[in-house]
Amino acid sequence: MQYHRPTSFNEAAALANQATGETRFLAGGTDVLVQLRADIVTPDTLIDIKSIPGVGDISQAPDGSWTIGIAVPGAEMREHIQLGKDWPGLVEAMDLIGSTQVQGRATLVGNLCNGSPAADSVPAMVAAGVELSVTGPTGSRRIAAVDVPVAPGRTSLAKGEVVSAVHVPARGKNAGDAYLRFIPRTEMDIAVVGCAINLTLDTDGTVTAARVALGAVAPTVLLVEDAANALIGSSLDEEALNRLAEAASAACNPISDKRGTVEFRTHVAGVLAKRTAKIAYARAQGENT
Amino acid sequence: MKKIHVTTTVNNDNVEFLCDPRETLLDVLRDRLNLTGAKEGCGTGDCGACSVTVDGRLVCSCLVLGAEAEGKKIATVEGIAKGEELHPLQHKFIEYAALQCGICTPGILVAAKSLLEKNPDPTETEVRYWLAGNLCRCTGYDKIIRAVMDTAADMREAS
């Protein structure tokens, strides 16, 4: 195994483009090194991208949007007070992953590019409308988080492409997000169903924009437009919540495994969507929940 | 295979070592630096027995490569006591008999110290969540949690 420590994303992309065999980028390593240790994937080329300037930074632009470095671990997000005020759902989703020790290393981009359908931070990123900068051998592009996973363990990134920054939109007024997952215990588990919702209200409390994302109920994260439409124009009355639950359940295409059956996951997606929407709505109204 | 030369700091001592690119920080600590306090339980980041801090951040050393230690500040259980003088957590773990076989103990000490540095007045729930990544198959956790809570109270009083 070749270990590289490039100091720019262009250099990282060039290294990956020239490499043969299995190539992995190393940031937090909480998936890559587990796979290495368990003999699941032994990379021929490992490119440690933590020596690139800025990868550990969280910064806010004058327009209120955020840029999160690709090596920022969950623990740093959790400790960033203003980021947590703007995007509590995103921060909480990331914080649910693994132990304190895992939080010291695990990153948003790692969670996304590992390609697990059950990744906790991914529905939250999709609901928030997160975009990624991607650096490749021939230049850079910007891609929505929802377009990165294409199948379990697979992404749309081409050979030589590396995610170089995470862009979180400006929070804006009267808006809030939330993430909930179902697990059969209280900590240290993998989502059976995950649901993230991001809402914007007008001053009367009517939902003007909504994004609803589901995890662990399909081969990839789902952005459910019907579920969002069920909320838009409502004040989150019981009828709108029931329509939301129906649309969320209808979008599910899960598998049965040891964590849950198809029927259970489909039902729980609807239940979680209602609960998540209520939290996002309360936050959009300025409640500190 | 070509070895990587690494310069780092372990418990405030400057150290240098050569390691294979696949070698973990845990392997390096135990096999090259003879610091056998950090234990290998699972080797895949689940049990916390290999807990150390890297630049003040609690991590599993089995999920860090030795090569990644370059230029970092590593702290292990060996650095918790000051010479012969035990850290208050170590005293309390003895007083409460918060261990049986002891495999998990170094990791739990490192993790608990890291918690108390960030939060000198944790609730029991906060202690339990913070230590959720440190598995102990002997004690049932109760004595560990009480030892940490009592240490925190003593340290607050002393400061």
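Some observations on this one:
- Under the simplified labelling scheme, the A:E79-B:C42 pair shows an inter-label distance of 2.4 nm, with each label point 7 Å from Cα along Cα→Cβ.
- Flagged links, alpha-carbon separation over 28 Å, of A:K50/B:K2; B:K39/B:K118; A:K85/B:K39: A:K85/B:K39
- Choice from A:A119, A:A191, A:A14 showing the highest fluctuation, given a GNM over chain A with Cα pairs closer than 10 Å: A:A14
- Within the range A:1-33: backbone nitrogen closer than 19 Å to the A:R141 label point (7 Å, Cα to C-beta): A:9-18
- Residues within the reach of a label modelled at B:K73 (point 7 angstrom out along Cα to beta-carbon, backbone nitrogen below 16 Å), restricted to the range B:15-39, are B:15.
- Kirkwood Rh and Cα Rg combined as Rg/Rh, the range B:41-134: 0.96
- Part-to-part distance (alpha-carbon centres) for the range A:195-272 and the range A:1-49, which is given in Å: 36
- Nearest-0.05 FRET efficiency for B:E157 and A:N288, computed from C-beta distance (R0 41 Å): 0.80
- Averaged over peptide B:126-135, the number of partner chain Cβ atoms lying within 10 Å of each residue's Cβ comes to 3.
- Per-residue Cβ neighbour counts within 10 Å put A:R283, A:R185, A:R5, B:R128 in the sequence A:R185, B:R128, A:R5, A:R283, beginning with the fewest.
- Global form of the range A:137-217, assessed from the alpha-carbon gyration tensor, a/c cut-off 1.5: oblate
- Extended-chain gain in nm, criterion 0.36 nm per residue less alpha-carbon gap, A:D189 and A:M1: 64.6 nm
- Ranked B:V15, A:V102, A:V217, A:V41, criterion: other C-beta atoms within 10 Å, fewest first: A:V41, B:V15, A:V102, A:V217
- With both labels modelled 7 Å from their Cα along Cα-to-Cβ, the A:N253 to A:R154 distance reads 1.3 nm.
- P(r) histogram, all alpha-carbon pairs of the protein assembly as shown included - 10 Å bins from 0, percent: 4, 20, 28, 26, 16, 5, 0
- Beta bridges per DSSP with both ends in the range A:1-68, % antiparallel, nearest 5: 30
- Taking every C-alpha pair closer than 8 Å and separated by at least 6 residues, the mean separation divided by the residue count of the range B:88-158 gives a relative contact order of 49 percent.
- Principal axis dimensions, the range A:19-103 - Cα atoms, whole angstrom, descending: 42, 27, 16
- Taking a straight Cα-Cα cut-off under 14 Å and skipping sequence neighbours fewer than 8 places away in the same chain, the aspartates and glutamates within cross-link reach of B:K143 are B:E95, B:E124.
- Listed from fewest to most Cβ neighbours within 10 Å, the set B:F17, B:F93 follows the order B:F17, B:F93.
- With the convex hull drawn around the C-alpha atoms of the range A:184-258, the volume per residue stands at 111 Å³.
- Length gained when the stretch B:K82-B:D121 is fully extended (0.36 nm per residue, less Cα-Cα span): 11.7 nm
- Rough spin-label spacing in nm, given labels placed 7 Å along Cα→Cβ, for A:Q60 and A:D39: 5.0
- Value of [θ]222 nm, deg cm²/dmol, for the protein assembly as shown, DSSP H segments ≥ 4, -39500 (n - 2.57) each, nearest 500: -9500 deg cm²/dmol
- Extension gain (nm, one decimal) between A:T261 and A:E225, 0.36 nm per residue minus Cα-Cα: 10.5 nm
No lab work stands behind these numbers, since they all come straight from the coordinates. For clarity, every value in this text was computed on a predicted model and none was experimentally measured. Neighbour counts run over all protein chains shown; Cβ positions are idealised from the backbone, glycine included.
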